[in-house]
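The values are calculated or read from the model by the stated rules, or taken from the named source; none is laboratory data. Just so it is clear, the model here is predicted, and its values are computed rather than measured. When we count neighbours, we look across all protein chains shown, and the Cβ atoms used for this are built from the backbone with ideal geometry, even at glycine. For the accessible areas, the whole protein counts, side chains as well, though only heavy atoms, and no ligand, DNA or RNA atoms are used. Shrake-Rupley method; radii C 1.70, N 1.55, O 1.52, S 1.80 Å.
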Amino acid sequence: MKSFSKMVYPYLVWAIIMIVIPMLMIVLYAFTVQGNSVLTFQFTFNNFARFFSDPVFPTVLWRSLKMAFFTTIICIAIGYPTAYIIAKHKPNKQAVMVLLITLPMWINMLVRTYAWRGILSHMHASAETKVYVGMVYNFLPFMILQIYTALSKIDPALIVAAHDLGADDKETFKRVILPLSLSGVVSGITLVFLPAVSSFFIPKLLGGGRYVLIGNLIEDYFISTGDWNFGSAISLIMAVIILISMKITHKLDKEPAEQEDD
């Protein structure tokens with residue numbers, strides 16, 4: 001086991017270089033003043049005060065959270081019935097259906113979004129509607145696959161036992177299938193909500209610059225404006241929101257398991 005543990009070292013080095021150091025740089029920029037020299041740093045909370053004092057930035061943040069929330073709800077509404085239908089078929093047909101769902105994911109997300117840009121450009125829809133279409137299209141497979149995985153793991157004997165005890169299809173779904181598949185729903189929420197709330201190229205391409213989300217603000221302040229300090233502050237605020245969201249979904253994922261143990 002000790003010899004195998006050494007295989008972790010390259011990953012740790014990669015994680016430190018690619019994740020830890022950039023995050024520390026973001027924290028440093030967020031709490032410092034623009035134009036610091038290498039040897040002296042002027043620490044400040046003005047970047048965060050600027051974000052919350054200007055009504056434009058909280059409005060964009062709220063818009064991003066709302067967009068991610070409704071995208072997740074739509075993905076659940078479409079994804080659960082789809083996953084349920086797939087799980088009801090025979091294994092060979094399930095494999096084909098899963099392949100059809102994952103096939104578009106083999107193409108880069110940016111390329112797929114550009115394709116939708118061409119399709120939606122001929123439709124008279126609002127920028128918000130176009131962004132919703134792009135969000136749901138890109139993130140729906142993650143929801144379907146997570147729910148399908150949870151449904152496929154349900155022991156058929158439990159469903160047979162529920163019918164033997166007098167439960168009809170509706171009652172069986174409510175008391176057996178749905179509770180046992182909630183772990184897949186929670187995992188799907190994590191994989192949809194978190195990237196949706198921080199997405200920047202989908203609203204940029206499909207919204208035509210008229211529907212700005214928090215990811216677009218971060219991109220603009222890092223690339224266009226060059227104000228890395230304020231951009232880092234926004235990034236840190238989003239990181240805190242994402243961590244809180246992960247904590248909530250983790251708690252929701254634990255509750256069904258605790259109820260099963262009881």
Placing each pseudo-label 7 Å from Cα in the direction of the beta carbon, Phe41 and Leu24 end up separated by a distance in nanometres of 1.0
Among (1) 23; (2) 9; (3) 32, the value of percent of Cα pairs over 35 Å apart computed for this structure carries the label (3)
Under a Gaussian network model of the chain whose springs join Cα atoms within less than 10 Å, the largest fluctuation of Leu110, Leu65, Leu140 belongs to Leu110
For the chain, the dipole about the Cα centre with charges only on Cβ (Lys and Arg +1, Asp and Glu -1), to the nearest 20 debye, works out at 640
Between Ile242 and Leu99, the two model label points (7 Å from Cα along the beta-carbon direction) sit apart by a distance in nm of 3.4
If the chain between Ile85 and Ile17 were fully extended at 0.36 nm per residue, the gain over the current Cα-Cα distance would be 20.1 nm
Output ordering of 158-170, 236-248, 69-81 (per-residue mean of other Cβ within 10 Å, highest first) is 69-81, 236-248, 158-170
The percentage of the accessible area of the chain (probe 1.4 Å, all protein chains present) made up of carbon and sulfur atoms, to the nearest whole number, is 69
Dividing the helical contributions, -39500 (n - 2.57) per DSSP H run of n ≥ 4, by the residues of the chain yields a 222 nm value, nearest 500 deg cm²/dmol, of -23500 deg cm²/dmol
The simple spin-label model distance between Tyr9 and Ile223, using points 7 Å out along Cα→Cβ, in nm, is 3.8
Restricting to lysines and to Cα separations under 16 Å from Lys90, and discarding same-chain partners fewer than 8 apart, the set is Lys153
With +1 at each Lys and Arg Cβ and -1 at each Asp and Glu Cβ, the charge dipole magnitude of region 40-191 around its Cα centre, to the nearest 20 debye, comes out at 340
With the 8 Å Cα cutoff and a minimum separation of six or more residues, the chain has a relative contact order in percent of 27
Of the candidates Ala162, Pro179, Leu145, the farthest towards the positive dipole end of region 137-195 (Lys/Arg Cβ +1, Asp/Glu Cβ -1, centred on the Cα centre) is Leu145
Membrane-span-like helices (DSSP H runs, Cα span along own axis at least 15 Å, mean Kyte-Doolittle at least 1.0) in the chain -> 56-88, 178-197
The set of residues whose placed amide H lies less than 5 Å from the amide H of Thr32, leaving out same-chain residues fewer than 5 positions away, is Thr44
